Structures are given as structure tokens and as C-alpha cells.
1. Answer yes or no: is there a residue in segment 81-92 that is over 13 Å from the mean Cα position of the chain (by Cα) and either part of a helix (DSSP H, G or I) or at pLDDT below 90 (or both).
2. I'd like the full set of residues that are more than 10 Å from Phe39 (Cα to Cα), crowded, with 18+ Cβ neighbours inside 10 Å and among the aromatic types (Phe, Trp, Tyr), limited to segment 1-22.
Amino acid sequence: GAFTLFALLSIVSYMIHWTQDMSIAQQVANDAGSLGAKFGRLLVCEGFGLGSLCLPVLALAFTLRLMSKLWRWSMVKTTVLSLVWMFVSALALAYVDSIFGPGVVFGGGLGGYCGSFVSKWLCSVIGVPVTGALILVVVATTLAFSSSRFVRWLVNPQRTVERRAARQAEREER
């Protein structure tokens, strides 16, 4: 519980105060203190950018499972999906940031140094458009493994729309 709160506070506070936390001359503005600023910088700037928010989610899942059995999903699946989404989101956000943004948000870009490094490497090896297509395939594949609803929509999107319309009509009748 305590690590979950510390990690979440460190990451969110770093995202808000990252310029002050990175400055040597100023006092640390991170709400979790100097250790929180270092931890936030490690995860957000030098690690996975916005994808680092998956770590507190994973820690929360472990806490809920251990303390109260409230987490009803498989811990193996939760762990694998959290770590995969952390990397995939870092890669996708770094790619988008390299095309549309200045790449300096949070000190390491939206995807952190990890996502930026892999994105730049892929762009240099297979080209920018192919990297974008590959990232789309990876995101779609990750969504497919994460959610059975996504697979149903992907296989037959018209049926999903029809079901939604039928449910809406049923609600209106009541």
C-alpha cells in the first residue's frame, strides 16, 4: 500500500513539477520529496514516460490481492499486461512525440528515454512509415490479448454497433 501511494505520488508529482525537479539550482518541488523526485525521474524521464503509470497500477493490484482479495483477475496476467503496456505505450508515445512534439516533455519525452531509444532505432532500421505501421500492429495485438471485447469488435464491428443500438432501443422502451 505504501509503495503504491509513494510511486503514484512520485510519478504524478514529477509530471507536474518536472522542470523544477530536474533543476539543480532550485529546491525539489515533488510532493514525495527528493527521493520521490529521483524515483519519478527514473521512471518517467529515464524510463517509460507516461507508460510508467502502469507500475502503480501493478503495485495496487498486488496490494489488493494480498490485503483483501479484492483483485479478482489473475496476477500473472495482470503482471504481464502491465509490463507489456508499459513498454508498448512508451514506444507508441515516443514515436508520436518524435513526429508531432518537441520531445522534451518530462525531460525525456512522452515515452521516456526507453521509448525514445527504441523508436529512434526502429525508425533508422526500417523507416518512419514502417515503424508507425509496426507500432499500430503491436498496439492492436496487445489490445487483442488484453480484451476479448476488442477482438469481438475487430472481427465484426457492424455486429457490435447493432448490439449497442439494440441495447439502446431496449433501454428506451423501459
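1. So far as segment 81-92 goes, no, none of its residues is over 13 Å from the mean Cα position of the chain (by Cα) and either part of a helix (DSSP H, G or I) or at pLDDT below 90 (or both).
2. Trp18, the sole residue that qualifies.
Rundown of residues vs (1) aromatic (Phe, Trp, Tyr); (2) in contact with a strand residue (DSSP E or B) (Cβ under 6 Å, 6 or more places away or on another chain); (3) open to solvent by 60 Å² or more (accessible area, probe 1.4 Å), yes/no style:
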residue: Asn30; (1), (2), (3): no, no, no
residue: Lys38; (1), (2), (3): no, no, yes
residue: Val57; (1), (2), (3): no, no, yes
residue: Val76; (1), (2), (3): no, no, yes
residue: Leu83; (1), (2), (3): no, no, yes
residue: Phe100; (1), (2), (3): yes, no, yes
residue: Phe106; (1), (2), (3): yes, no, no
residue: Val118; (1), (2), (3): no, no, no
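The values are calculated or read from the model by the stated rules, or taken from the named source; none is laboratory data. Predicted model only: the values in this text are computed from it and were never measured. Here Cβ is always computed from backbone atoms with ideal geometry, including for glycine, and neighbour counts include all displayed protein chains. What goes into the accessible areas is simple: the full protein's heavy atoms, side chains included, and nothing from ligands, DNA or RNA. Shrake-Rupley method; radii C 1.70, N 1.55, O 1.52, S 1.80 Å.
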